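Notes to accompany the following structure.
Every number here is computed from the coordinates shown, using simple stated rules; none is lab data. This one's a predicted model, so the numbers in the text were calculated from it and none came from an experiment. Here the Cβ positions follow ideal geometry from the backbone for every residue, glycine too, while neighbour counts run over all protein chains shown.
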Amino acid sequence: MRRSCYTLVELVAVILVIALITGIVVFRSNSIPAFISLEGTARNVQLLLARASLMATSQGRNVHVRLDASTGIFSIEGGAAEKELAAPGSLSYKLPPGVQVGEGRGADFSFYPDGTGSGTPIELSFKGQRLRIKISKLTGISTVERDK
């Protein structure tokens, strides 16, 4: 009579296959596709711009967002009681390593109490992918356009 058990060789073979698949997955996860990283960066910049717009309308003051191209940091400036309203670090966003700003220049966005905004579009690029972030002058809402 033959029992329906697995031999030691079969168990070792299954463990080796699982280890091999795990190694491939872990190795591949370190190389995130460019469009995913750039989309996430654009989303984070949009969130910061939306926060600045909300601060301007809720506080009745002009709020500015500046990008220092040399450090890659977007920061919110202006508005009343900045320190009390925001959690630590939420008034700035640092671009991840490798993300470049088009033409290597800084950017300046302004948001006004009536909900409008202004600022020149900026281009972000990473590993051959490009995105452009624009502010609607009428609504102060930021939009992202992908280069074709």
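Here are some notes:
- Of all residues in region 135-148, those satisfying the criterion of being within 19 Å of Arg51 (Cβ to Cβ) and either of a type in the set (A, V, I, L, M) or buried (at least 16 other Cβ atoms within 10 Å of the Cβ) (or both) are Ile135, Gly140, Ile141, Ser142, Val144.
- Taking every residue in region 49-75 that is touching a residue at least 40 places away in the same chain (Cβ under 8 Å) and crowded, with 20+ Cβ neighbours inside 10 Å and pairing it with any residue that is part of a loop (DSSP other than H, G, I, E, B) and of a type outside the set (S, T, N, Q), at least 6 positions away or on another chain, the pairs with Cβ-Cβ distances below 6 Å are Ser53/Gly140; Met55/Gly79; Ala56/Tyr112; Ala56/Pro113; Val63/Gly79; Leu67/Gly106.
- Residues in region 111-124 that are over 16 Å from Thr41 (Cα atoms) and surrounded by fewer than 19 Cβ atoms within 10 Å (Cβ to Cβ): Tyr112, Pro113, Asp114, Gly115, Thr116, Ser118, Thr120.
- All positions within region 100-122 that are closer than 15 Å to Leu49 by Cα and not in a loop (DSSP other than H, G, I, E, B): Ala107, Asp108, Phe109, Ser110, Phe111, Gly117, Ser118, Gly119, Ile122
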